[in-house]
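Read-outs: derived from the displayed coordinates by stated rules, not from any lab. Because the structure is a prediction, the values reported are computed rather than measured. Cβ placement follows ideal geometry from the backbone for every residue including glycine, while neighbour counts extend to all protein chains displayed.
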Amino acid sequence: MVLTKDELIGALQREVDILLHLASKADPFKLDYRPTPKQRSTLELLQYMVYMPPTHLHGIVAEPFDMDAWREQWESGEAAAKAMNLEEIKEAIGKQPGLYRELLNSCSDSFLRSEIEIFGAKASRGSWLVGLVLCHYVAYRMQLFLYLKASGREELSTANLWMGVDADQIPAGA
C-alpha cells in the first residue's frame, strides 16, 4: 500500500475533522435544503455519512467479503441514521476514527495488499480503503460544502472545505 496504516488512519481522521467542522456550520433551520427534488437534503447527506464509511470499511476488512452481511449492515445503519438529529449525527461521525484505528490496526500489511472482489470489481483491500472510504469522504464533504453555500452560508471559504477552519483562523504564513 502506498500509504502506511498510520497515514491512512490519519487521513481518515482529517476527513472526519473537516466533515464535523462543516457540519457545525449547518443551519438547523435549513437542513431540508436540497438542490433538486431528487437529491438528498443536507440532513440526509449528513445521515448518509453516519453509516456509509463504516459500512464500507467493515466490508473491506471482512474475510471474506460478504455481500449479504454488507447489505444488512447498510440497511440497519441507514435506519439508525435516519432517526438521528444533527447533534446525534455529529456525535456518531465523531466516533468513526476510533473504529478506523481499531479495525485497521488489526490488519497486517499483507492483508491490506490482498485482493478482494467487491461489487464485481477486484482490487487490493488498501486500494478499496482509499477509493471507497477516503475518496468518498472528500466527495461528500465537497457536496456538503456546496449545500451549505447554496443555503446561505456565503462566508464559508476554501479554508473551511480543505482545512476545516474558518478563514480568520488560518495561522499567519500558512
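Only helices at least 18 Å long along their axis, Cα-based, and averaging 0.0 or more on Kyte-Doolittle count here, so list those DSSP H runs from the chain. Display every interim value, and only then the final one.
Numbers: long enough: 5-23 (27 Å, 0.33); 42-61 (29 Å, 0.54); 67-82 (22 Å, -1.24); 135-150 (23 Å, 0.46).
Once both thresholds are applied, what remains is 5-23, 42-61, 135-150.
Sequence gap at least 6, Cα distance under 8 Å: using those rules, report the relative contact order of region 1-154 to the nearest whole percent. Mind showing how you got there, number by number?
Details: 138 pairs, mean separation 57.1, N = 154.
RCO, region 1-154: 37 percent.
Which number comes out as Rg/Rh for region 5-168 once both Rg and the Kirkwood Rh are worked out on C-alpha atoms?
Numbers: Rg = 16.2 Å, Rh = 16.5 Å.
So for region 5-168, dividing Rg by the Kirkwood Rh gives 0.98.
I'd like the distance between the alpha-carbon centres of region 99-163 and region 1-61, rounded to an integer number of Å.
8 Å
Could you pull out the chymotrypsin sites (Phe, Trp or Tyr not before Pro) across region 79-144 that fall in loop regions by DSSP (anything but H, G, I, E, B) with no more than 10 other Cβ atoms inside 10 Å?
Phe119
In the structure shown, do any of Lys5/Lys30; Lys5/Lys90; Lys30/Lys122 have a Cα-Cα gap over 32 Å, and if so which? Could the numbers behind the result be given before it?
Working: Lys5/Lys30 38 Å; Lys5/Lys90 25 Å; Lys30/Lys122 40 Å.
Beyond 32 Å: Lys5/Lys30; Lys30/Lys122.
Treating cross-link reach as a plain straight distance, find the aspartates and glutamates whose alpha-carbon is under 19 Å from the alpha-carbon of Lys38, omitting any fewer than eight places away in the same chain.
Hits, sequence-local ones excluded: Glu78.
Ignoring the sites themselves, what is the longest stretch of the chain with no trypsin sites (Lys or Arg not before Pro) in a DSSP loop and at most 13 other beta-carbon atoms within 10 Å? Walk me through the intermediate numbers first.
Working: sites that count: Lys38, Lys95.
The segment 96-174 is the longest one with no such site.
Over 10 Å intervals from 0, what percent of Cα-Cα pairs in region 110-161 sits in each interval?
The percentages, shortest bin first, are 23, 33, 20, 19, 5.
Quick query: amide H of Ile118 versus all other amide H atoms, modeled in the peptide plane; which residues come in under 5 Å with a sequence gap of 5 or more or a different chain?
Result for Ile118 returns Ala123.
What does the helix-only formula give at 222 nm for the chain: each DSSP H stretch with n ≥ 4 adding -39500 (n - 2.57), the total divided by the residues, and the result rounded to the nearest 500 deg cm²/dmol? Don't skip to the end; give the middle numbers.
On the way: 8 runs with 99 residues, N = 174.
So the helix-based figure for the chain works out to -18000 deg cm²/dmol.
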